[in-house]
Structures are given as C-alpha cells and as structure tokens.
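Notes follow once the structure below has been shown.
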Amino acid sequence: MKTIAEFSIQFHQYLNEEGQIVQALPAFANDHAHLIRLYTSMQRTRLLDAKAVIMQRTGKMGTYPSSLGQEAVATGLGDAMKPEDVFCPYYRDQGAMLERGVTLTEILSYWGGDERGADFQVPREDFPVSVPIATQCLHACGVAYAFKYRKQPRVAVTSLGEGGTSEGAFYEAINLAGMWNLPVVFVINNNQWAISVPRNIQTHAQTIAQKAIAGGIEGVQVDGNDVIAVREIVGRAVEKARSGNGPTVVEAVTYRLSDHTTADDAKRYWNEEVVKTAFAKEPLIRLRRYLTEQGAWNDEKEKQLIDQLSQELDQAIKDYANKASQPAENIMDFTFKELPEALLHQREILLGENHG
Ligand SMILES: Cc1ncc(C[n+]2csc(CCOP(=O)(O)OP(=O)(O)O)c2C)c(N)n1
C-alpha cells in the first residue's frame, strides 16, 4: 500500500481576539487609513443591521437577515475585489454590497419588498441577492466562464453559508470551476448555523474548506472575525484567479450573533454561554483594540464615526420611506417573457383591484 495523494488545509489569522498581531501583517494592513476604512465599513453594516431589525419589528421592513458578528467576512471580501469583477451575493452580504457601491437605500428597498432595490445603479453587472441557497455558485461559474471565454482579466466572486455547502449546486459549481480552471472565488461564511441546524450536524467534514479538494481546487480557512485575514486571503485568491491560476474556496470561520433572520428566534436553540464567548471574539472589538494601541483610534473618533454613519443611515431611511411605491404588477412582470394564461388572468384581477 502507498499513499497516492495527501491534502492539507491552511488556517490564516493576523489579528487575534485580543487585537494582537500573530504574524507579520500584509502590506495593505500597514496603512492605518486602509484599516480605518475597513472598520468604518464594518460599523456601517452593523448599524444598518441593527436599524433594519428595528424597522422590521415596527412594520417598516420585510424579513431581514442580520450579519451581526460576521461583518469582517463581507467587508473583507468586498474590499478584495476590483470594480470590474462581478459579485454574486447571498442574503447576508450587505457589507460586501456596500463595499461594491450598492447604496443603503437600495438595500433597504430590497428588503422592504421593492424589487427595484435589486436593480442597483452601481455595480451594474453584479448579481441580485440570491435567496435560494447555493444557486449563486453556479451563476458565478457562468460569469467566470464568460470572462475566460472573452479573455478578460476579471474575476467572479460568490459567497454562501456553510449550510449551503451541503447543497448539490455547491458541489456542481466547484466541480465545474476546477474542471474549467475558472476565475472564480467561493467565500464561505461559516457562521456555525444554518437556521437552527448547527455546523456539527450539518457535515462530518473536519473543515468546510476541504470540500474544495473534491473539485480539484484549493481550499483555505481564515479567521472570519479578522478582517485583515479575510481581506488578504480572499485578495490572494482573487488575484490568483485573475492571473489564470484557477479557483479557490475560502472558508471564513465566524459566528452568527443574531437570529437567522427576523423570522427566527435563536434563543429557542442556542446556548447562551457559547454565544457569550463568541461575542468576545467578534470582529469590530479586535480591530478597534489594535488601532487604539497603534494610536490611530480613540473614543472621540469612535463617537464621530458613529454620529456620521447614523446621519448617513437616517438619510437613507428617509429616502427609502419617501420612495414612490412600485406598480403592483411588478410582482408579475419580470419572471416570464410572456405571462402564462393563468397568470395573465391573475394580473388582470390585480390591476382591477388596484385601480378599482
Ligand atoms: C434551495 C433552498 N433551500 C432551502 C432554503 C431555506 N433556507 C433559507 S436559509 C437556510 C439555511 C442556510 O444556512 P447557511 O447556508 O449556513 O447560511 P446562513 O443563513 O447561516 O448565513 C435555508 C435552509 C432556501 N432558501 N433555498
């Protein structure tokens, strides 16, 4: 007997939960202004999430998926992409979408039930949010295939939860990506939960990253609460893909510190002690600690930032509230080129009711 193949999964962390550097920082992270931008983006996402949940509770918003505790994943991946790349997001990616240029008002509109919020002005070629889990992985492969076919140095990035990696669409996507050496990066937000299903009964795999091996592609794990690690490792994967060296699966290990969505009550199934421990490891505290120790941050700057972001958010909420409502028939008009008979009839009833 002989060993014919061996695989290993690397774990990357730069900033530990105490805000201490555990290995030499990548070049971008020596620039405090860049780190402050990342911190600002994570705070913006956190404030948006908190406000959106309150709005849902008071009837001003539809079902909303908070990304509390996972801000470093979306912010880091959004920052690692170039404007000309294409992002195929899932429903917990508001931080990455904001980084890409989608506005707060557009995000609020989408979750408020207005499809026009998915037709964001910037970036025009990014995909709308995918609610069916893992389907976006195949869309990203299609986009990446188009880039390869047109010989464009562009990269498709998609993201999904660890639960989504149990879906067939994920395995089909990594198989295609490997087989065709596509310029695509899969970022897994491993927040330990798929609604009420914990990671340990979701899969027997030791890591999620190792699922990449089955597709013949690289899999790597990062501390998903360390925005420096996410930015650096997703950035490396994106540039590797851009230079023709193929796809990567990046597993970002984090923790979901909120309900799955506003339609869930996590207190029914999670363990308070575990959540308390996870709170101490969340991504904003450690970056703030690091920046403070570096003399680049203080309470006054924190207060100014929160004030500025709150004003920005209040304005976005006003714009969202004042937006003229969309025509009722919008719910019928964008799925079929020609409506089937039965739906045509329903559309008439809808219009009749609406105008009557
Ligand atoms: C194809 C499909 N099946 C089932 C669902 C219902 N559903 C919504 S979220 C979810 C769990 C997803 O968990 P995970 O992929 O870990 O992502 P997270 O929500 O934790 O970020 C399920 C099963 C869905 N949206 N799409």
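The values are calculated or read from the model by the stated rules, or taken from the named source; none is laboratory data. Quick caveat: nothing in here was measured; it's all calculated off a predicted structure. All Cβ positions, glycine included, derive from the backbone under ideal geometry; neighbour counts span all protein chains shown.
Here are the numbers for the structure shown:
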| item | result |
| --- | --- |
| Filter pass, LYS276 being surrounded by fewer than 15 Cβ atoms within 10 Å (Cβ to Cβ), in the same structural domain as PHE87 (by TED's automatic domain parsing), without any contact (Cβ under 8 Å) to a residue 40 or more places away in the chain and of a type in the set (Lys, Arg) | yes |
| Matching option when the condition is within 12 Å of the ligand (Cβ to nearest atom) and small (Gly, Ala, Ser), among GLY168, GLY178, GLY216, GLY142 | GLY168 |
| Qualifying residue in the range 119-137 (condition: of a type in the set (Val, Ile, Thr), within 18 Å of the chain's Cα centre (by Cα) and away from the ligand (no atom under 12 Å from the Cβ)) | yes |
| Among the residues listed as TYR14, TYR64, the single one being of a type outside the set (Val, Ile, Thr), closer than 15 Å to VAL227 by Cβ and modelled with pLDDT of 95 or more | TYR14 |
| The range 88-115, subset in a loop (DSSP other than H, G, I, E, B) and away from the ligand (no atom under 16 Å from the Cβ), residue surrounded by the fewest Cβ atoms within 10 Å (Cβ to Cβ) | GLY113 |
| Candidates LYS151, LYS240 - the one that is more than 30 Å from ARG46 (Cβ to Cβ), out of contact with any Lys or Arg (no Cβ under 6 Å at 6 or more places or on another chain) and part of a loop (DSSP other than H, G, I, E, B) | LYS151 |
| Hits in the range 70-84 (condition: in a helix (DSSP H, G or I) and surrounded by fewer than 24 Cβ atoms within 10 Å (Cβ to Cβ)) | ASP79 |
| Contacts under 6 angstrom Cβ, first residue in the range 1-13 being more than 21 Å from ALA214 (Cβ to Cβ) and surrounded by 10 or more Cβ atoms within 10 Å (Cβ to Cβ), partner modelled with pLDDT of 95 or more and of a type outside the set (A, V, I, L, M), 6 or more apart | GLN13/ASP223; GLN13/ASP226 |
| Residues of the range 116-139 satisfying the condition of being assigned to a loop (DSSP other than H, G, I, E, B) and not hydrophobic (A, V, I, L, M, F, W, C) | ASP119, GLN121, PRO123, ARG124, GLU125, ASP126, PRO128, PRO132 |
| Test: residue in the range 300-312 that is surrounded by 13 or more Cβ atoms within 10 Å (Cβ to Cβ), more than 30 Å from LEU25 (Cα to Cα), of a type outside the set (Ser, Thr, Tyr) and in contact with a Leu (Cβ under 8 Å, 6 or more places away or on another chain) | yes |
| Residues of the range 191-206 satisfying the condition of being part of a loop (DSSP other than H, G, I, E, B) and over 18 Å from ALA134 (Cβ atoms) | SER196, HIS204, GLN206 |
| Residue selected from the range 169-194 under the condition more than 18 Å from the chain's Cα centre (by Cα) and under 13 Å from ALA241 (Cβ atoms), by the criterion surrounded by the most Cβ atoms within 10 Å (Cβ to Cβ) | ALA177 |
| Subset of the range 182-192 [within 7 Å of the ligand (Cβ to nearest atom) and touching a helix residue (DSSP H, G or I) at 6+ places or on another chain (Cβ under 7 Å)] | ASN189 |
| Residue under evaluation VAL230, criteria (1) hydrophobic (A, V, I, L, M, F, W, C); (2) in a loop (DSSP other than H, G, I, E, B); (3) in contact with a strand residue (DSSP E or B) (Cβ under 8 Å, 6 or more places away or on another chain); (4) within 30 Å of GLY19 (Cβ to Cβ), criterion not met | (2) |
| Meets criteria (in a loop (DSSP other than H, G, I, E, B) and at pLDDT 90 or above) for GLU312 | no |
| Matching residues, the range 71-122, being at pLDDT 95 or above and among the basic types (Lys, Arg) | LYS82, ARG92, ARG100 |
| Filter result for LEU287 (touching a strand residue (DSSP E or B) at 6+ places or on another chain (Cβ under 9 Å), touching a residue at least 24 places away in the same chain (Cβ under 8 Å) and part of a helix (DSSP H, G or I)) | yes |
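Here is a yes/no grid of residues against (1) within 23 Å of GLU172 (Cα to Cα); (2) more than 15 Å from the chain's Cα centre (by Cα); (3) of a type outside the set (Gly, Ala, Ser):
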site: ARG199; (1), (2), (3): yes, yes, yes
site: HIS204; (1), (2), (3): yes, yes, yes
site: ILE213; (1), (2), (3): yes, yes, yes
site: ILE217; (1), (2), (3): yes, yes, yes
site: VAL227; (1), (2), (3): no, no, yes
site: ARG231; (1), (2), (3): no, no, yes
site: GLY244; (1), (2), (3): yes, yes, no
